[in-house]
Amino acid sequence: MTDLTSNLHVGLTGDCEIVVSPEHLASRWKSGGVEVLSTPQLVGLMELASLNAVDPFLPKGWLTVGTRVDVQHLAATPLGQPVSAHATLTGIDGRRLTFDVIATDAAGVVGRGTHQRYIVNRQRFSESAASRAADLSSSASG
């Protein structure tokens, strides 16, 4: 079997940045009707930063998927403002990867926490998802 983590090491980092747009707002998620970055979008930004830290170093045909998130959303970032996430790989346990994540905007820290991702084979994962979709479809029609 391929050594999936041979190119990974604790300390790898990844980043991701967006400008808060209408599709990122809490009001889109029916969360209080406020025009600020939503928590689901904050989590997604942190996941992308984590993915950016490691996926480029994986063998062809392998990727990571998010499996656990523990994040505090500490401050509101308004519409039109940039927000960035930074992830640092802090643990490698077989195919399970752990990251410290932090998000900031021009005023300071917006959120922080930990995130876990798992290394999977792209083809097998896609086949498993398709099989599950077929099972769900047949159980819904039966």
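Readers should treat all values here as calculations from the given coordinates under stated rules, not as data from a laboratory. In this text, all values refer to a predicted model and were calculated from it rather than measured experimentally. Glycine gets a Cβ as well: all are built from the backbone with ideal geometry, and neighbour counts include every protein chain shown.
Highest GNM mean-square fluctuation among A53, A130, A87, for the chain modelled with Cα contacts below 10 Å: A130.
Semi-axes, largest first, in whole Å: what does sqrt of 5 times each Cα gyration tensor eigenvalue give for the chain? Spell out each step's value before the answer.
Working: eigenvalues 165, 108, 25 Å².
Ellipsoid half-lengths, sorted descending, are 29, 23, 11 Å.
Across region 111-123, rounded Karplus estimates of 3J(HN,Hα) from the backbone phi angles (6.51 cos²θ - 1.76 cosθ + 1.60, θ = phi - 60°) give x, 7, x, 10, 8, 10, 10, 10, 7, 10, 7, 4, 5 Hz, Gly and Pro being marked x.
Placing +1 on the Cβ of every Lys and Arg and -1 on the Cβ of every Asp and Glu, with no other charges, gives region 69-142 a dipole of roughly 220 debye about its Cα centre.
How many angstrom lie between the Cα centre of region 2-64 and the Cα centre of region 110-131? Region 2-64 and region 110-131 have Cα centres separated by 12 Å. Scaling the Cα radius of gyration of region 16-58 by the globular reference 2.2 N^0.38 Å produces a ratio of 1.36. Rounded to whole numbers, the Karplus 3J(HN,Hα) couplings from phi for region 27-34 are 4, 5, 8, 6, 9, x, x, 9 Hz, using 6.51 cos²θ - 1.76 cosθ + 1.60 with θ = phi - 60°, and x at Gly and Pro. For V34, nonlocal amide neighbours, meaning residues 5 or more places apart or on other chains whose placed amide H falls under 5 Å from its own, are S27. Amide H contacts under 5 Å for L12: L89, restricted to partners 5 or more places along the chain or on a different chain, H placed in the peptide plane at 1.01 Å from N. Under the criterion of Cα pairs below 8 Å and six or more residues apart, the relative contact order for the chain equals 26 percent.
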